[in-house]
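Bear in mind that the values in this text are calculations on the coordinates, not laboratory data. Treat the numbers as computed from the prediction; the structure is a model and nothing was measured. So basically every Cβ, Gly included, is an ideal-geometry build from the backbone, and we count neighbours across all protein chains shown.
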Amino acid sequence: MSNGLGGGMKVNRHDQRSAMWFIAPMMFVLMSVAVFPVVYSLWISFFDLKLRRPRSVPFVWFDNYVHVLSDASFWDSVSRTASFTVMAVFAIMLFAMLIALLLNENFAGKKFLSTILLIPWAIPYVANGLMWKWIYDSGYGALNGALLQLGLINHYLIWLGDTDKTLALIANAFVWKEVPLATILLLVTLKSIPEDLYSAAKVDGANIWQRFWHITLPSLKPGFTLVMIYEVMMAVRHFDLFFILTEGGPADASHVLSWEIYVETFRKLSFGLGAALSYLLAVATFLLAFFIIKTLGKKI
């Protein structure tokens, strides 16, 4: 018996070694393209690395982080990022919930509507940005054309040139792209609600609003939590639309944190400061996700 067990253990060890050899190339690739850049960017955040003087790279400890946190423009960009995130995530969750409730019902054209819903999700971010740039264009944009035909405006407006409207317009483009995925996640959550709960509520005399408030809404908490975590992370670090539509303008109205990182790193060539900003953004994103999980997750 002992020989049999010993032989089995040897075979298991041999299988484990063989599996490790097969996994090793994939692990090497992951370490090279994922882990190493993250660790290296953390390392260079402690240096005053500027490509305009590549031979002088002094080690400055946490000076880059101190400089960033004491810079008024950094906190202005944080404020704009927070405003964009709140607008976008609130709108995404509202529209996603309404569409998910609609698609949870049976009606003619449901399959067609479900197919149409996937189109924004399937469009790449760059293509989505270019499309909305054409829509908002002050010379031939579809938005100006539609409003003019409806008589809501009497001349073409420069939408992305208005500092008061820029963030909201970019948020609108972001929401259009993100709503389909959020809708699918909430629809899956709706499908998991037992029908017996609604039947029992009807027997007790609950109307449609009471059933929604006491059954549907509480049951959607897991879906809401997942959607909020994902969309907050996407909104906080979003860059594509800001680059394509406004490049941080007009007058810094859309100069959010992701744009600040781009400017410091690739325009000013201050890779040390850019890395420090990137890590502050990463930590902030992690803390936001952790806060949402701790706040909403414990109530699920």
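Assorted remarks:
- Taking all Cα-Cα distances within the chain, those exceeding 23 Å account for 69%.
- Couplings for the range 59-73, taken from phi via the Karplus curve 6.51 cos²θ - 1.76 cosθ + 1.60 with θ = phi - 60°, read 7, 10, 6, 9, 4, 4, 5, 5, 4, 5, 5, 9, 8, 5, 5 Hz in order; Gly and Pro are left as x.
- Intensity falloff of the range 12-70 expressed as log10 I(q)/I(0), Debye formula with alpha-carbon point scatterers, at q = 0.16, 0.21 Å⁻¹: -0.66, -0.86
- Among Asn207, Asn128, Asn144, residue whose mean-square fluctuation peaks in a GNM of the chain (springs only between Cα atoms under 10 Å): Asn207
- Rel. contact order, % - alpha carbon contacts under 8 angstrom, at least six apart, the chain: 27
- Kirkwood analysis of the Cα pair distances in the range 160-244 returns a hydrodynamic radius of 15.4 Å.
- Modelled label positions at Ala201 and Phe90, each set 7 Å beyond Cα in the direction of Cβ, lie 2.5 nm from each other.
- Of Phe84, Phe107, Phe59, the one that fluctuates the most in a GNM where the chain has Cα springs shorter than 10 Å: Phe107
- GNM result for the chain, Cα springs below 10 Å: residue of Ser83, Ser219, Ser192 fluctuating most strongly: Ser192
- Prolate/oblate/rounded call for the range 1-157, Cα gyration tensor, a/c under 1.5 rounded: oblate
- Prolate/oblate/rounded call for the range 139-280, Cα gyration tensor, a/c under 1.5 rounded: oblate
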